[in-house]
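Everything below concerns the one structure shown next.
The values are calculated or read from the model by the stated rules, or taken from the named source; none is laboratory data. Quantities reported herein were computed from a predicted structural model and do not represent experimental measurements. Don't worry about glycine lacking a Cβ; one is built from the backbone with ideal geometry, like all the others, and counts go over all protein chains shown. These accessible areas exclude ligands, DNA and RNA; they are computed on the full protein's heavy atoms, side chains included. Shrake-Rupley method; radii C 1.70, N 1.55, O 1.52, S 1.80 Å.
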Amino acid sequence: MKRPSWNELQAVKTIAGQRSFRRAAEVLGLKRSTLSHTVKGLEATLGVQLFHRTTRSVALTEAGEILIARLAPLLAEMDDLLNDVTASGQQPYGTLRISASDAAISLMLEKVLPTFIQQKPGIEIDLVAQGQLIDIVAQGFDAGIRLIEDVPKDMVAIALSGPLRFITVASPGYLAGRPKIMHPQDLMQHTCLRQRLPGGKRYHWEYQQHEQQFALDVPGSLTLDSSALMVEAAVAGLGVAYVPERYARQWLDTQRLVTLLDDWTIASQGIALYFPQHRHMSVALRLFIDTVKAVMRDRA
């Protein structure tokens, strides 16, 4: 059997990641027709169909899933190897792909990326905002950023923040004339901004004071899947929100929002950068980790 070319394998990986021939062609700098011809040629060589194609969507076949599961890490290893070989005595280069929540990306933009981009201009950062937890190795990412509690146990984690407080907020306009909220159960008499988790379930608001704990499926007519949008809705007076404190800070400072149930707040351990412990580390990732540690040390 003829061995597939590097370009063919990169094409398959890109299409699988983009789930679109059009977007993959833009990423690769190719015509869509050229990319389609490349994939058809590879499928003919392998004797299997790799993608289900319709006019609206692209999905991997079972054979395609098997190929990508093994191919993505191998291509990443090859990129790392070539980068390591050519990096000596030169400006380091490469692309660092990181899967993160929007909260984590916000934190990176504030703390780490300004320093890293200034010091390592040859390295491209590809931050992908994903609410749902994924297998970063199988999906071809170098690292991920999540709540420390959500980091897989077999990964190495480096803290990017201290404890992350979750707070209950509302606008003064919404609260005017409504019953006071003195206890978590009082929320059941209010309009709340509910949150949909990445897996599809609705998040239950969590509270703790001493030995008392509550996880409430609060009432409300609006459900969102973004903490940033929940804050915007709260500022607009649409209801009570439960969000990480950093999202609401500017609105609290300007008194567009006020906090509620301060004695009942809980905190996450914080946000962490994580990566596989037994996988070869690229120059780009190693330099990024060094920058993270230096920034966190300076801010300690």
| task | Could you tell me which of the residues Pro198, Pro184 is open to solvent by 60 Å² or more (accessible area, probe 1.4 Å) and over 23 Å from Glu110 (Cα atoms)? | result | Pro198
| field | Odd one out for Gln49 among (1) part of a loop (DSSP other than H, G, I, E, B); (2) closer than 29 Å to Gln277 by Cβ; (3) modelled with pLDDT of 85 or more | value | (2)
| query | So which residues in the range 209-224 are loosely packed, with under 14 Cβ neighbours inside 10 Å and within 19 Å of Ser268 (Cβ to Cβ)? | reply | Gln213, Ala215
| task | Could you please tell me which pairs satisfy a Cβ distance under 6 Å, a separation of 6+ or placement on different chains, a first residue in the range 97-125 that is under 24 Å from Leu75 (Cβ atoms), and a second residue that is in a helix (DSSP H, G or I) and among the small types (Gly, Ala, Ser)? | result | Ile123/Ala284
| field | Subset of the range 90-117 (residues that are of a type in the set (A, V, I, L, M) and open to solvent by 70 Å² or more (accessible area, probe 1.4 Å)) | value | Leu109, Ile117
| remark: Taking the range 3-44 and keeping only residues that are open to solvent by less than 60 Å² (accessible area, probe 1.4 Å), touching a strand residue (DSSP E or B) at 6+ places or on another chain (Cβ under 9 Å) and among the polar types (S, T, N, Q), one is left with Ser20, Ser36
| task | Quick one: in the range 118-141, of everything that is outside any loop (DSSP other than H, G, I, E, B) and open to solvent by 90 Å² or more (accessible area, probe 1.4 Å), which residue is farthest from Ala103 (Cα to Cα)? | result | Gln119
| note | Of the residues in the range 225-245, those that are of a type in the set (A, V, I, L, M, F, W, C), open to solvent by 40 Å² or more (accessible area, probe 1.4 Å) and closer than 23 Å to Gln185 by Cβ come to Leu238
| Given the residues Arg56, Arg97, which is the only one that is in a loop (DSSP other than H, G, I, E, B) and either out of contact with any helix residue (DSSP H, G or I) (no Cβ under 9 Å at 6 or more places or on another chain) or at pLDDT 75 or above (or both)? | Arg56
| remark: Of the listed residues (Arg178, Arg165), the one being among the charged types (D, E, K, R), open to solvent by 40 Å² or more (accessible area, probe 1.4 Å), within 24 Å of Asp253 (Cα to Cα) and over 26 Å from the mean Cα position of the chain (by Cα) is Arg178
